Amino acid sequence: MTDLQMGLMGLGATAVIVVLAYNKWQEHKHRKLAEQLLNARQADVLLDETLPGEMPASSPAQPEPAARANTRKGRERFDPLLDGGQPAAAEGMPDERTSGTGRIPAFLAASDPVILADDISPELEATVGAGELPGPREIGTPLHVLSPLIDYIAALEFSSSVGAYRLRETQRVALQRIEKAINWIGYNEESNEWDLIADDSDRAYRHVRVGLQMVDRRGPLRSSDLSIFDVAVHDLATELGGLAELPLRETALEAAAELDQFCAGVDIQIGINVISQGQVFAGTKLRALAESAGMVIDPAGRFARCDDDGSVLYHLVNQEDKGFSAEAMKSLTTHGVTFLLDVPCVASGDRVLSQMFEQARRFADSLHGALVDDNRHPLSEKALEPIRRQVMQYQAAMSARHLAAGGPLALRLFS
């Protein structure tokens, strides 16, 4: 390599170094200029939280209120005190306010129920649009099976009829992962009525509605379950050559949370206790008294008193661990039993409460026991009056939301 070539290579390397250094200097100069401009910007009234007259942004920020936890799932239900006292609300329950003759949770006067389904008669749609509450008989689908008041309803439409078995089997594995109840109905074009779609049905349908229940006693619908349901319904429609239309997710989740809060406020039981005064109660005597009162043992080990239609009015339970069964009653003894009224699951709760109290008094007389409330205070009929009024208030609040106590929708919600 000659001296000339070496010199040219040196000049080239020097030129490259000079260019890189110049670029670095220019980059540094522009960065400083940009920082000066950004630091000196004017406040934006839309983006900046600090307004004239307020504390500057450098002031310590106030902590945001913690989100209120939903306490319905796993929540212990509470019993009103039968000595005229007020009920002890479960932890996390909203504050109470005075209303009428007693104190009831403020949210019992809740806002109008949210209508989620698009499967509503034109008359009902006009009524809702006018700001009026929907009547129970104005909903297009059978209320005992599906209702937009408590269900997230998907509408499925098919170009040709699809068999019930295919409808139920197509996404069965996915839908079984969901905790909440799912009900299916199909439009019977022969009878012009909606049918409950059973697994063993031999019918076929072009118009199908699938309802995911938003609330039960375990709590409100979870976002993850709603996602599974949405995907499964869309996949089902695609696989069977149909179209699926579903309500808005966020609206449904908000409605579920609000409905769950309301249900938690009316989800109470009233207990009347019959306890021994030294001598234990014999199971054979208990069974004889219960059966003479028209009570029968249910699968849960309780005596149930039902009305003429077979609807449960109240239960009789053992205060000790062992449940009731036909065989066990022969040797069973106990120091006390409790009559239980499930307020949201019984129509005319005030009347049933009086009937239950009268039956408990007969038991106490026959067994030579004492009639007491949950605090072991003697219980008289006079002490029931505040509780009877309270039951009427709670059930009136349910009726105002078209969720009549003891009705089909209430029995689904409080299952």
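Counting only other residues whose beta carbon sits under 10 Å from that of Asn188, what net charge do I get with K and R as +1, D and E as -1? If you can, show how the numbers build up before the last one.
Numbers: positive: Arg203; negative: Glu189, Glu190, Glu193, Asp195.
Spelling it out: positives minus negatives among the neighbours equals -3.
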Checklist entry - Using the alpha-carbon centroid of each, what span in Å lies between segment 231-261 and segment 334-381? => result 44 Å
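Just how large is the dipole of segment 249-315 about the Cα centre, in debye to the nearest 20, putting +1 at every Lys and Arg Cβ and -1 at every Asp and Glu Cβ?
Dipole size: approximately 600 debye.
Divide the volume of the convex hull of the Cα atoms of segment 189-239 by its number of residues and quote the answer in cubic angstrom per residue. Display every interim value, and only then the final one.
On the way: hull volume 6.0 nm³, N = 51.
Dividing the Cα hull volume of segment 189-239 by its residue count gives 117 Å³.
Let me know the shape class of segment 304-415, please: from the alpha-carbon gyration tensor, a ≥ b ≥ c as square roots of the eigenvalues, rounded when a/c is under 1.5, otherwise prolate if a/b is greater than b/c, or oblate.
Numbers: a/c = 2.40, a/b = 1.44, b/c = 1.67.
The shape class here is oblate.
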Checklist outcome for this item: Its Cα gyration tensor gives segment 331-381 an equivalent ellipsoid whose semi-axes in whole Å, largest first, are 21, 13, 11
Item to check | 5 Å binning of all Cα-Cα separations within segment 136-233, expressed as whole percents from 0 upward | outcome: 2, 13, 24, 24, 19, 12, 5, 1
Item to check | Approximate spin-label separation Ala174-Gln277, in nm, with each point projected 7 Å along Cα-to-Cβ | outcome: 6.5 nm
Checklist entry - Which Cα, out of Ser201, Ser191, Ser223, lies furthest along the positive dipole direction of segment 171-239 (beta carbon charges, K/R +1, D/E -1)? => result Ser223
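P(r) tail for segment 240-293, what percent of Cα pairs lie past 17 Å? Walk me through the intermediate numbers first.
Values: 999 of 1431 pairs.
Of the Cα pairs, 70 percent sit more than 17 Å apart.
Any read-out appearing in this document is the output of simple, stated calculations on the displayed coordinates, not a laboratory observation. Quick caveat, the model's predicted, so the values are computed rather than measured. All Cβ positions, glycine included, derive from the backbone under ideal geometry; neighbour counts span all protein chains shown.
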